[in-house]
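Read the structure below first, then the notes.
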């Protein structure tokens, strides 16, 4: 019979708020007997014992090399440490070994170290935070390279007018002529297919398939017939797309579709018709805008939560910077400026700029700030403003309570998660949380305690729902309750595995009972992103919050400008949670023909310390009829319109690259200043400037900052 | 009224691939509405006058017996049957055996002298096929499943290509019944020949379809009711693409025209795998047969008497279908070997030479007329 059980957190995880609660769900309490997330999203389903899981570690005192060889543990270092822990060479390289954020690959046995008293204690004191990403497919793991000769930092003056554009995305149709020169050579200087079948060039980065411009040019030449490049053949020969071969090689690649997110974005960010790349002093210089592109693993794009993208994103940023230096060395010039486009987002998270990924990105930008070779990272405001995945709860006094109705869809083949974030402060038992399954009974309430974990199911070790608490240490300094559900449809049971029960779909009620929060202290609730990504087969289904007071549209059919005060579900607070950091540039979307901010474009949270909203808006729709922005389809000569803040980000990336090429500033402050100046100078009738929470400093493209349309054919 | 009747019979077959274009070649000299027939009856009564016996002077000179140029006088539909006869009557089928065990399906040219005292008849090979084993097909099923991911993206094409639509070839070459009628007749002849011959090979090899290997493939269209290998779509598409390319080449067009036609044929073939009704190895066999038939038909059409016969061994095929393994548009046909295979899955069975006495002036006539349509356009 399904009922609520009390489970002790896995030994060693007890009270360890530094471990992402998702890790405990995947490796600990949620999966007593098994190796973590299966590819298809069931916690507890079996994974191969030898699978390597990427971890993002915040190591304030230990450097990457010392972590890799276990030296920091001294005599406590287990004999098999290096069999269970690897740090790819890039992480230990001179450029990045100073970072407190280390990406390590560990086998499941690594998590057993925490159960040993002394060793576990030593690890807990070394690791400030730990998050996990989707396990690597075996075929993608590259043979580790020994730390080679230290590559020198390029010195001297940068090549005038040259800016490296980094693109981190999915479905990169890199052979499209928008990324080729007039002479037919690729402008993609380096490409990393993170879930490609491993090759030697990927050794430095630990996994995937790394191709240089030379590699791509050689395939382009071999795939040219009767003067035409057969782009399908290029993707086959580079193994960027394969329908046969090994399991990893045959993974579904969205570059084989007519339209892909990555190609569209890469075109808006750095695509030109052959011969059209602008040089420093007018005219064309095809070498002036080299592209370094990273294709994220397909599994991450299909997967359940944005948490699984962190290590891949940080690895991607480091790859782009590493290769930008290689380009500079090859040209005999100094370090080159870099602008990186990352048009990805999720829904749940802290929204206060203190997530591991945000801090790691801020660290990268801060380090090169004010130099001749800055790094800028452009992120989207997100498209989730109308998804009803966020609620703000306030209380009239002690014992006041609120019930949030969480509607979970049937046929959701991935896990669903709901995060409840408390204000900053010590875990003094400020609220108590209880959960009621559809048709089930309220479970006992859980206060701000890491023990027990509450699990609902037939038996404690095969839970369908879990409720747990962690207090995330500074700089976050906040408590978080995590409610996790198994998929509502279990379609994929490996042979020999005991079939997992699906969790019931329907309305799960979450009761938040105030104990000691003041009237001005809010509890923020977010449902984690769980939809199907563009171009991927239907898999996850987005759950949402039901609220009778929420006004979706007014009588005139329009989305209201402001939230109903009686509603718990809010549009405010829907800014992409990886876009609340300090130095990244965050772009929302507006409609180019009527200048109105897009209804879907993420809106900031007034309580957020580092930003109230995006920095600026850029067009994300041509008009209310012609939705989306036109840019390249996957095959040369094709164009598609895709809608969303991804496109706005990519056009801004392009504009920032142009500014850097002209020696102008392109950082967050500079872009805000451009937007503000354009708002101030704009004439004619148009809706007034959106609020800071929705539109930041203003709309880019009212003046000359962004040529919209086919961006380089104006 | 006979034209109407024939039309209705043909339209009953329109679901067959390769036949859908027949409507563009109606065989009816002018539109005959049923009401027109009644009007013609009364109209004649009003016009006919008293009967007068005609003299030979009223009639044009008798046509020369057996002269190919007489074709110009026939209707397009009638010519189509003649061209089809010229090819079909000379291609025959047999089963190749190892001792008493049947091992292969063989298409051959029936080389015989039709004049008294000519040489004894003989079979000249065109193409032969060894079918893959069930284990070979089982390896392929993963690829079919992977391609299912493209179904939504390719849905419109899959449906539009259920019968091979000439629209796709027309979109590349600009050929259409009003503007290039002789090329149209030739293309339809080629498509029908390919369809009829591949059906004979499919029947003999009798290979099971992907959905018979897995209940999870769920093809997006009804699976055809015949064997899977060779793919009929691949055969027809590559035969048509090859003949169209040779036609354009004869008219002086550069290789990019052939390149695009082959890419189209490949797309049509692969779309059948996307739909879930064909293995990649089916497309490889169909591509081989299509190119070989194309070469054979062009040889018959150009009185060259020379072509190359090819062998397909499905047990040596591995991986995905790649048409470039079989053909280089500038250098020509080539043997093909899959990675890690014991030997080539496509190999030459040697150059063949036909008895020049068996040449077909009828096929030569349509070829020359068709080439003119591309050469002499203003």
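Miscellaneous remarks
- Residue within the range A:361-371 that is under 12 Å from the mean Cα position of the chain (by Cα) and at pLDDT 95 or above present: yes
- Test result for residue A:297, farther than 27 Å from residue A:621 by Cβ and modelled with pLDDT of 95 or more: no
- Among residues that are away from chain B (no Cβ under 14 Å), under 28 Å from residue A:379 (Cα atoms) and either out of contact with any strand residue (DSSP E or B) (no Cβ under 6 Å at 6 or more places or on another chain) or free of Cβ contacts under 8 Å to residues at least 12 places away in the same chain (or both), residue A:293 is not included.
- Qualifying residues in the range A:486-524 (those that are modelled with pLDDT of 90 or more and within 22 Å of residue A:410 (Cβ to Cβ)) - the one surrounded by the most Cβ atoms within 10 Å (Cβ to Cβ): A:503
- If only residues of the range B:251-274 that are more than 11 Å from chain A (Cβ to nearest Cβ) and modelled with pLDDT of 95 or more are counted, the one that is surrounded by the most Cβ atoms within 10 Å (Cβ to Cβ) is B:265.
- Hey, residue A:85 touching a strand residue (DSSP E or B) at 6+ places or on another chain (Cβ under 7 Å), within 23 Å of residue A:298 (Cα to Cα) and in contact (Cβ under 8 Å) with a residue 24 or more places away in the chain or not: no
- Elements of type strands (runs of 3 or more DSSP E) contained in the range A:51-144, each with 1 or more residues being modelled with pLDDT of 90 or more: A:53-58, A:101-106
- The combined condition, being surrounded by fewer than 20 Cβ atoms within 10 Å (Cβ to Cβ), within 13 Å of another protein chain (Cβ to nearest Cβ), under 31 Å from the mean Cα position of the chain (by Cα) and at pLDDT 90 or above, is not fulfilled by residue A:247.
- Annotation: residue B:135 fulfils all but one of (1) more than 14 Å from chain A (Cβ to nearest Cβ); (2) outside any loop (DSSP other than H, G, I, E, B); (3) within 25 Å of the chain's Cα centre (by Cα); the unmet one is (3).
- All positions within the range A:616-641 that are farther than 17 Å from residue A:602 by Cα, touching a helix residue (DSSP H, G or I) at 6+ places or on another chain (Cβ under 8 Å) and crowded, with 16+ Cβ neighbours inside 10 Å: A:629, A:631, A:632, A:633, A:634, A:635, A:636, A:640
- Restricting attention to the range B:154-170, the residues that are part of a helix (DSSP H, G or I) and either touching a helix residue (DSSP H, G or I) at 6+ places or on another chain (Cβ under 8 Å) or surrounded by 21 or more Cβ atoms within 10 Å (Cβ to Cβ) (or both) add up to 8.
- Residue that is nearest to residue A:669 (Cα to Cα), among those in the range A:612-625 that are touching a strand residue (DSSP E or B) at 6+ places or on another chain (Cβ under 7 Å) and in a loop (DSSP other than H, G, I, E, B): A:615
- Residue check: residue B:293 meets all listed conditions (1) out of contact with any strand residue (DSSP E or B) (no Cβ under 8 Å at 6 or more places or on another chain); (2) modelled with pLDDT of 95 or more; (3) away from chain A (no Cβ under 14 Å) but one, namely (1).
- Evaluation of residue B:221 against (1) outside any loop (DSSP other than H, G, I, E, B); (2) in contact with a helix residue (DSSP H, G or I) (Cβ under 7 Å, 6 or more places away or on another chain) (one fails), failing number: (1)
To keep it simple, each residue is scored yes or no on (1) more than 11 Å from chain A (Cβ to nearest Cβ); (2) outside any loop (DSSP other than H, G, I, E, B); (3) within 23 Å of residue B:273 (Cβ to Cβ).
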{"site": "B:319", "(1), (2), (3)": "no, no, yes"}
{"site": "B:324", "(1), (2), (3)": "no, yes, yes"}
{"site": "B:330", "(1), (2), (3)": "no, no, no"}
{"site": "B:338", "(1), (2), (3)": "no, no, yes"}
{"site": "B:342", "(1), (2), (3)": "yes, no, no"}
{"site": "B:347", "(1), (2), (3)": "yes, yes, no"}
{"site": "B:350", "(1), (2), (3)": "yes, yes, no"}
{"site": "B:357", "(1), (2), (3)": "yes, yes, no"}
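Quick grid of which residues meet (1) closer than 29 Å to residue A:524 by Cβ; (2) free of Cβ contacts under 8 Å to residues at least 60 places away in the same chain:
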{"residue": "A:340", "(1), (2)": "yes, no"}
{"residue": "A:345", "(1), (2)": "yes, no"}
{"residue": "A:350", "(1), (2)": "yes, no"}
{"residue": "A:356", "(1), (2)": "yes, no"}
{"residue": "A:360", "(1), (2)": "yes, no"}
{"residue": "A:367", "(1), (2)": "no, yes"}
{"residue": "A:370", "(1), (2)": "no, yes"}
{"residue": "A:373", "(1), (2)": "no, no"}
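- Inside the range A:69-97, residues that are within 24 Å of residue A:202 (Cβ to Cβ) and over 25 Å from the mean Cα position of the chain (by Cα) make up a count of 6.
- Candidate set from the range B:296-310 (those that are in contact with a strand residue (DSSP E or B) (Cβ under 8 Å, 6 or more places away or on another chain) and surrounded by 24 or more Cβ atoms within 10 Å (Cβ to Cβ)); member that is farthest from residue B:240 (Cα to Cα): B:310
- Residue-level check: of (1) out of contact with any helix residue (DSSP H, G or I) (no Cβ under 8 Å at 6 or more places or on another chain); (2) closer than 22 Å to residue A:101 by Cα; (3) modelled with pLDDT under 95, residue A:357 misses just (1).
To keep it simple, each residue is scored yes or no on (1) away from chain B (no Cβ under 14 Å); (2) under 27 Å from residue A:65 (Cβ atoms); (3) in contact with a helix residue (DSSP H, G or I) (Cβ under 9 Å, 6 or more places away or on another chain); (4) surrounded by fewer than 19 Cβ atoms within 10 Å (Cβ to Cβ).
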site: A:137; (1), (2), (3), (4): yes, yes, yes, no
site: A:158; (1), (2), (3), (4): yes, no, yes, no
site: A:181; (1), (2), (3), (4): yes, no, no, yes
site: A:204; (1), (2), (3), (4): yes, yes, yes, no
site: A:212; (1), (2), (3), (4): yes, yes, yes, yes
site: A:216; (1), (2), (3), (4): yes, no, yes, no
site: A:222; (1), (2), (3), (4): no, no, yes, yes
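- Where residue B:109 falls short, out of the listed (1) surrounded by 18 or more Cβ atoms within 10 Å (Cβ to Cβ); (2) touching a helix residue (DSSP H, G or I) at 6+ places or on another chain (Cβ under 6 Å): (2)
- Checked against the criterion of being over 23 Å from residue B:288 (Cβ atoms) and more than 14 Å from chain A (Cβ to nearest Cβ), the candidates B:170, B:155, B:163 yield just one match: B:170.
- Among the conditions (1) within 14 Å of chain A (Cβ to nearest Cβ); (2) surrounded by fewer than 19 Cβ atoms within 10 Å (Cβ to Cβ), residue B:181 misses just one, which is (1).
- Residues being farther than 13 Å from residue B:193 by Cβ and either modelled with pLDDT under 95 or in a helix (DSSP H, G or I) (or both) - total across the range B:228-237: 3
The values are calculated or read from the model by the stated rules, or taken from the named source; none is laboratory data. What you see is a predicted model, and the numbers here were worked out from it, not measured in a lab. So basically every Cβ, Gly included, is an ideal-geometry build from the backbone, and we count neighbours across all protein chains shown.
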